[in-house]
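The values are calculated or read from the model by the stated rules, or taken from the named source; none is laboratory data. Bear in mind that the values here come from a model prediction, so they are computed numbers and not experimental data. As a convention, Cβ positions derive from the backbone with ideal geometry for all residues, glycine included, and neighbour counts pool all protein chains shown. Heavy atoms of the whole protein, side chains included, go into the accessibility calculation; ligands, DNA and RNA do not. Shrake-Rupley method; radii C 1.70, N 1.55, O 1.52, S 1.80 Å.
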Amino acid sequence: MNQKKHYQLLHDELAEDDPWRLDSNPFEQERHRQMLRLALAQPSITNALEVGCAAGAFTEKLAPHCEQLTVIDVVPQALARTRRRLKDRPNISWISCDILQFSARKCFDLIVVAEVLYYLESVAEMRTAVRNLAQVLAPSGHLIFGSAGDASCQRWGHVAGAETVITILDQRLVQIDRVRCVGQTTNEDCLLTRYRHPVSQ
């Protein structure tokens with residue numbers, strides 16, 4: 001399945017009342033609880049970046065803990081739906097953008113990128129995305145990554161998933177925490193990791 005078809009599928013799924021059961025599935029609720037725990041390991045969050053907001057279920061949990069939150073998504077419908085859900089909170093900026101084209105003048109002390117990178121077409125694009133994110137991560141900032149595993153992602157028609165991206169992340173950043181969330185079905189399996197920059201000698 002090519003990238004355009006993946007994005008069309010995302011657009012279609014967002015029309016559902018509870019896409020991907022993000023609000024009603026205990027597995028998704030636990031995944032979000034663990035993501036928030038990892039995100040809040042820092043004492044404070046001044047500037048945060050969320051890559052891919054889906055229907056806003058995690059954005060709603062994260063936003064109250066951030067002075068400023070930038071949300072990017074390649075699907076405008078996802079941004080519109082999340083903005084309505086959060087009632088256009090003043091501390092959130094919204095950008096319709098592909099992660100491969102995203103750039104920012106400021107750095108972020110928290111970046112969250114979960115269940116997103118497997119929509120890219122190749123491992124080379126995943127490397128580009130990781131490089132882009134590492135460049136906008138503040139020196140003392142944390143990056144939270146989450147994804148279904150390689151086997152699940154490949155079964156869904158994607159190139160790769162968690163293990164592949166974690167290998168790429170490990171080449172640029174330092175992994176400081178990891179948790180695995182497992183649900184009741186073979187599709188409910190997610191690796192979550194927290195990263196920081198290497199400490200300068």
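Please work out whether the chain counts as rounded, prolate or oblate from its C-alpha gyration tensor, where a ≥ b ≥ c are the square roots of the eigenvalues and a/c under 1.5 means rounded, while otherwise a/b larger than b/c means prolate and anything else oblate? Cα axes put the chain in the rounded bin. Out of all DSSP beta bridges with both ends in segment 47-192, state the antiparallel percent to the nearest 5. Of those bridges, close to 25 percent are antiparallel. The peptide list 171-183, 30-42, put in order of mean Cβ contacts within 10 Å with the highest first, becomes 30-42, 171-183.
Full extension of the chain segment joining ARG85 with ASP98 gains 2.5 nm, where the gain is 0.36 nm per residue of separation less the Cα-Cα distance.
About its Cα centre, segment 123-199 has a charge dipole of approximately 240 debye under the convention of +1 per Lys or Arg Cβ and -1 per Asp or Glu Cβ, with nothing else charged. If the chain linking SER122 and ARG178 were pulled fully straight, counting 0.36 nm for each residue of separation and taking away their Cα-Cα distance, it would gain 17.7 nm. Placing +1 on each Lys and Arg Cβ and -1 on each Asp and Glu Cβ, with no other charges, gives segment 57-146 a dipole about its Cα centre of roughly 300 debye. The share of accessible area on the chain that comes from carbon and sulfur is 49 percent, using a 1.4 angstrom probe. A Förster radius of 22 Å, combined with the Cβ-Cβ distance separating GLN135 from VAL199, puts the computed FRET efficiency at roughly 0.75.
For ASP73, the accessible surface of its heavy atoms amounts to roughly 20 Å² (probe 1.4 Å, protein chains only, rounded to the nearest 10).
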